Amino acid sequence: MKMDMLNIVNFAINGVEKFLRENPDLTFYAFAFACDLEGAEINLCLNTEEAFSEL
């Protein structure tokens, strides 16, 4: 399976923009890709200072 880097970059941009629109009061500071090799899937994980402080 060929990886399309532009689609991955656009996926991340769209995901971050959607998260920020839906959570305007949260302080976003990081994101990461969670890769499922068996399912050939890439998931976007976002972190906020509020969630981090709950740990």
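The residues listed here are N47, N14, N7; of these, the one that is of a type in the set (S, T, N, Q) and in contact (Cβ under 8 Å) with a residue 12 or more places away in the chain is N47.
Which residue out of E49, E17 is open to solvent by 60 Å² or more (accessible area, probe 1.4 Å) and touching a Phe, Trp or Tyr at 6+ places or on another chain (Cβ under 8 Å)?
Values: E17 fails: touching a Phe, Trp or Tyr at 6+ places or on another chain (Cβ under 8 Å).
E49 is the lone residue from the list that is open to solvent by 60 Å² or more (accessible area, probe 1.4 Å) and touching a Phe, Trp or Tyr at 6+ places or on another chain (Cβ under 8 Å).
If only residues of the range 1-33 that are in contact with a helix residue (DSSP H, G or I) (Cβ under 8 Å, 6 or more places away or on another chain) and not in a loop (DSSP other than H, G, I, E, B) are counted, the one that is farthest from F52 (Cα to Cα) is F33.
The values are calculated or read from the model by the stated rules, or taken from the named source; none is laboratory data. All values derive from a computational prediction rather than experimental measurement. Note that each Cβ is placed from the backbone with ideal geometry, even for glycine, and that neighbours are counted across all protein chains shown. These accessible areas exclude ligands, DNA and RNA; they are computed on the full protein's heavy atoms, side chains included. Shrake-Rupley method; radii C 1.70, N 1.55, O 1.52, S 1.80 Å.
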